Amino acid sequence: MDARSANGAGTLPRKYFTSPKIFAAELRDILRKRWIYAGHVSHFEKPGSYLLYQVGQDNILILRDEENGIRAFHNVCRHRGTQLCEQSEGQLDGRIQCPYHGWTFGLNGSLLGAPNMRDCAGFDPNRYPLISVAVHVWNGLIFLNFSERAGSFEQAFAPISDRVARWQIFDLKSVRQITYEVQANWKLVFQNYSECYHCPKVHPALSKLTPYRASLNYLREGPFLGGPMQILGESMTMDGRSCAATLPYIEKEDQRLVYYYTIFPSIFLTLHPDYVMVHRCRPVSPDHTRITCEWLFHPEAITKPDFDPSSAIEFWDLTNRQDWHVCELSQRGISSSAYTPGPYSDLESLLAAFDREYLRAMHQTQREFALAD
Amino acid sequence: MDARSANGAGTLPRKYFTSPKIFAAELRDILRKRWIYAGHVSHFEKPGSYLLYQVGQDNILILRDEENGIRAFHNVCRHRGTQLCEQSEGQLDGRIQCPYHGWTFGLNGSLLGAPNMRDCAGFDPNRYPLISVAVHVWNGLIFLNFSERAGSFEQAFAPISDRVARWQIFDLKSVRQITYEVQANWKLVFQNYSECYHCPKVHPALSKLTPYRASLNYLREGPFLGGPMQILGESMTMDGRSCAATLPYIEKEDQRLVYYYTIFPSIFLTLHPDYVMVHRCRPVSPDHTRITCEWLFHPEAITKPDFDPSSAIEFWDLTNRQDWHVCELSQRGISSSAYTPGPYSDLESLLAAFDREYLRAMHQTQREFALAD
Amino acid sequence: MDARSANGAGTLPRKYFTSPKIFAAELRDILRKRWIYAGHVSHFEKPGSYLLYQVGQDNILILRDEENGIRAFHNVCRHRGTQLCEQSEGQLDGRIQCPYHGWTFGLNGSLLGAPNMRDCAGFDPNRYPLISVAVHVWNGLIFLNFSERAGSFEQAFAPISDRVARWQIFDLKSVRQITYEVQANWKLVFQNYSECYHCPKVHPALSKLTPYRASLNYLREGPFLGGPMQILGESMTMDGRSCAATLPYIEKEDQRLVYYYTIFPSIFLTLHPDYVMVHRCRPVSPDHTRITCEWLFHPEAITKPDFDPSSAIEFWDLTNRQDWHVCELSQRGISSSAYTPGPYSDLESLLAAFDREYLRAMHQTQREFALAD
């Protein structure tokens, strides 16, 4: 297969973008089986720091424990099911207490106290720890896995690990995050990120900085897709100039490149010479996706008195909004009875690869949806 | 079975709090078969006084008729199905007229006039009365029953009738009602009312007035559950002082007690020495309950120049809001895939009894929902 | 069958007004098979003028082409399904360009350009024209048909064509349109328009201008129903006086009449001596109908310096709002479990005829919904 050909592949049928049954299958067979991105470690400064993360009906409490590790638990009391923490982020004082009857759990999830339960015949506190979710921190990026058979993270991520190591993302700090509600299927958002064929029409500012055909795809099949594009200026910002020093381990050959990688099914990594941008992509319903975009800079840059990341933030916020708008137009058109799969151009070869990976992940459930158009 | 033990019982599985199918079965097999509370007679001052009451898709017109009785009809014209009365309460002038084509019904539901129908071959006005709903007024509280085989009210309510007689609720007047929209299943609201285990964490003000373990359960099984709790002050109010004279038939031994009774599936009675509070609980959807709280006082107290019920209203409005909040947190946690039934403490024995009564009422429909998690 | 008798017919069962399954069948078997009204030609002044029209999930782009014909296309790009035009009306400059990747179509729907597709093996632009929808312009009124076997428009409309010709609607211009969102089933809106039995209760102003029993039904069976009513004044306006000269081909015998015709399933024509009103009726969901009312006048009247159509617009806007309100009350009552079909009066004979036409159109799908109450 040629690296830059879609080989006659076309877009997916309508049902994959509109069917609630297929969406439910995606939650079950993709979101709950693959490693999904939940946030950067720089949000967890000290033991007890926590964030809440919603996946479908599940609310996850991610925290730094007493041993400085990152843990994740379902945010659900083992007594009567009450949600434990309410604020989307905060600081715990060494324990998690249910606001209803005061059951109290340690940062490792164990039940420390349950008022009035002592006298209840047969009650064993060891049977009621918080229910944990598998966590793996990779380059400072926290991934969760809901499956009981999660498999080896390192093995799964081997194809991309070496390619992003030199940005040392674990060292960076988040300086800003923006969450967008997009009225489009999550796969349309992935596909939008995976080609620059749309750049001339949709992104006039970006198109001045980066020629839309000047890209290479290093990763062309599987859950990791993408590669570099040429930058005509110094970085992707409003004026094309860097807004921080080049990151410490970036070599000269990367100083005029920006790398775009998607990690199926939840994250886009955009690696600039001077900063890293991360998109976290959360399916909410067949036609609604919540996307959080985060800008990460080196701590040394941040502490400089003249540090100003606004040119990078403004540039990508503008670009993001342009992208979500065309994704929403696609969602509307695809919902029409007249939509039929259309042909991918050779500039959209990664979209065909995304579709193949998606269909592999959904393979077990294909047969039951044969009629669910 | 011991009065204060949950005997190892635990909370219900998730489907009972989230499944639309089970909610539809509850409407059909509980709300439409049991006697449900709709309001206090003091709202119906004279013939023609009416209230509207919504149950599921049904809107019920409750009115005082020409013979001073209370009647209930479906608020639906027999001609083309138009809703007859629009305002949630009001005064009819001896007849009910459809706003569309002017069909007119008496306060006893009979069709009095139907313009232009005289000439229609075979039209018999006696065939088109309003469709009535069974009504029983008990202690001034109006109960409806949608079943064609409603059964004897007196027999059904025998276990509780003697216990509430001395408050003479039929004599009292409603001085205030507040309606709350709670984003939680109706059973969580019943369960919240049925224990004071949560009082120390949720109700700091209430806990000063009433020690959370100082309760007795006189009614421990079946559709009527509850009993008294000790009051450290004079009544349940902001400052713990009475806001009206003790009701005429309250004996000395009840002057430092508040009685809490639930009547399955629609009403909570809170009987204080000086006033009565009634909660009306209406399921709207699996995760939405509409609750109307009403404060009833003796007419002699109300006519006193210095009568001020605000201390009772403010106290319980605060307590209500605290309760609905933890109910909503429970609804959210129970909706999670991680929720599993948890153990009841001995202080939650009435919740186990409620669950048993609920499952008995749902028994006929259990089998068909075996797979509907 | 007598012209003015309902012959014992009664209203339809509840499921026809509330069931999502039946609504889906209506979209499939009625809205997508019959000719449906989409707008008046006076909105399309020159080549490139366009309007968008939503039917169910489908958005239709109606435009005047280079040869001055009216065409309709699904508003969906053949590349990746993106919606092409966003504004509800506007002017195209001779081509339709997709805002995502710039695929460009002519006003006849052919694909004129597709950037970067030239090199894609096997790509043939002739395979990707816009998907057209059948159009027929009748008396200046644009009708669409989604069926592949639309059948002859002239033959279908023969029963009504001669009856409306003398108003020369193709010559008129739209001076105002108002869109209403009505929380009622579309059939209730048709039925409301089809009788004046409700006029005395609902329309006090209209009832002064037109005696509610003074009507004749020229068309009494099939997709076209209606006939004239007497006007006591000159026209249907706030003061009963004409607000324009009598239309050129209106004979003396029509000068004190207003004609009311319904065309199943999408349009009402109200033909006055001096102007024409058109209601466009679009089902949105079982209990939601979008109605656009449009007032059409002769161009000579419009150009008069003292032309003022406000008395006609105000009169019917008031009447419309009164009608939608009782339709909404009917929807609410019919949704009740207590609703049962009621008897039509002889003044409602057209409603019985509408129901028969409706059930004929739904005939093929009756059996599968036998249980869908």
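The values are calculated or read from the model by the stated rules, or taken from the named source; none is laboratory data. Quantities reported herein were computed from a predicted structural model and do not represent experimental measurements. Note: ideal-geometry Cβ built from the backbone for every residue, glycine included; neighbour counts use all protein chains shown. The accessibility values were calculated without ligands, DNA or RNA, using every heavy atom of the protein model including side chains. Shrake-Rupley method; radii C 1.70, N 1.55, O 1.52, S 1.80 Å.
Odds and ends about this structure:
- Between copies, C:L232 shows label-point distances of 7.7, 7.7 nm, shortest first, with the point placed 7 angstrom from Cα along Cα to C-beta.
- Prolate/oblate/rounded label for the protein assembly as shown (Cα gyration tensor, a/c 1.5): oblate
- Distances between copies of B:H288, taken at a point 7 Å out from Cα along the Cα→Cβ vector and listed shortest first: 1.4, 1.4 nm.
- Cα-based convex hull, segment C:266-307, per residue volume (Å³, whole number): 79 Å³
- Cross-link reach list, lysines versus B:K187, counting only Cα pairs under 20 Å and skipping chain neighbours closer than eight places: B:K15, B:K21, B:K33
- Principal semi-axes in Å for chain B [√(5λ), Cα gyration tensor, largest first]: 37, 28, 17
- Electrostatic dipole magnitude of chain A [Cβ: Lys, Arg +1; Asp, Glu -1; Cα centre; debye, to 20]: 840 debye
- Relative contact order, percent, chain B [alpha-carbon distance under 8 Å, six or more residues apart]: 22 percent
- Approximate spin-label separation C:S161-C:K208, in nm, with each point projected 7 Å along Cα-to-Cβ: 4.3 nm
- Loop-located GluC sites (Glu not before Pro) in segment A:184-257, at most 11 other Cβ atoms within 10 Å (DSSP): A:E251
- Legend: Rg and Dmax of segment C:1-107, from Cα coordinates, 19.4, 62 Å.
- Think of it as helices only: each DSSP H run of n ≥ 4 in chain B is worth -39500 (n - 2.57), and spread over all residues that comes to -6500 deg cm²/dmol at 222 nm.
- Alpha carbon centroid spacing (whole Å) that separates segment B:118-164 from segment C:49-81: 57 Å
- Stretch gain in nm, segment B:Y249-B:T104, where the contour uses 0.36 nm per residue and the Cα spacing is subtracted: 47.7 nm
- Enclosing the Cα atoms of segment C:36-156 in their convex hull gives a volume equal to 114 cubic angstrom per residue.
- Interface size, chains B and C: roughly 2400 Å² of accessible area buried, both sides included, 1.4 Å probe, rounded to the nearest 100.
- Top positive-direction residue, dipole computed over the protein assembly as shown with Cβ charges, set A:H298, A:L31, A:P309: A:L31
- Loop sites in segment C:63-163: trypsin sites (Lys or Arg not before Pro), DSSP, at most 13 other Cβ within 10 Å: C:R118, C:R149
- Distance to the B-onto-C rotation axis is smallest for one chain B Cβ; residue and value in angstrom are B:P20, 8.
- 5 angstrom amide H check on A:L112, placed H, neighbours 5+ away: A:T104, A:F105, A:G106
- Each other copy holds its own label point for A:K208; taking that point as 7 Å from Cα along Cα to Cβ, the gaps run 6.6, 6.6 nm, nearest first.
- Here the relative contact order of segment B:209-253, from alpha carbon pairs under 8 Å that lie six or more residues apart, stands at 29 percent.
- When the solvent-accessible area of chain C is split by element, carbon and sulfur atoms take up 48 percent of it, the probe being 1.4 Å.
- Positive-end extreme of charge dipole, chain A - chosen from A:S335, A:S235, A:I96 (charges on Cβ): A:S335
- Dipole magnitude of the protein assembly as shown, debye to nearest 20 (Cβ charges: Lys/Arg +1, Asp/Glu -1, about Cα centre): 1940 debye
- Aspartates and glutamates whose Cα lies under 18 Å from that of B:K46, excluding same-chain neighbours fewer than 8 positions away: B:D65, B:E66, B:E67, B:E89, B:D93, B:D171
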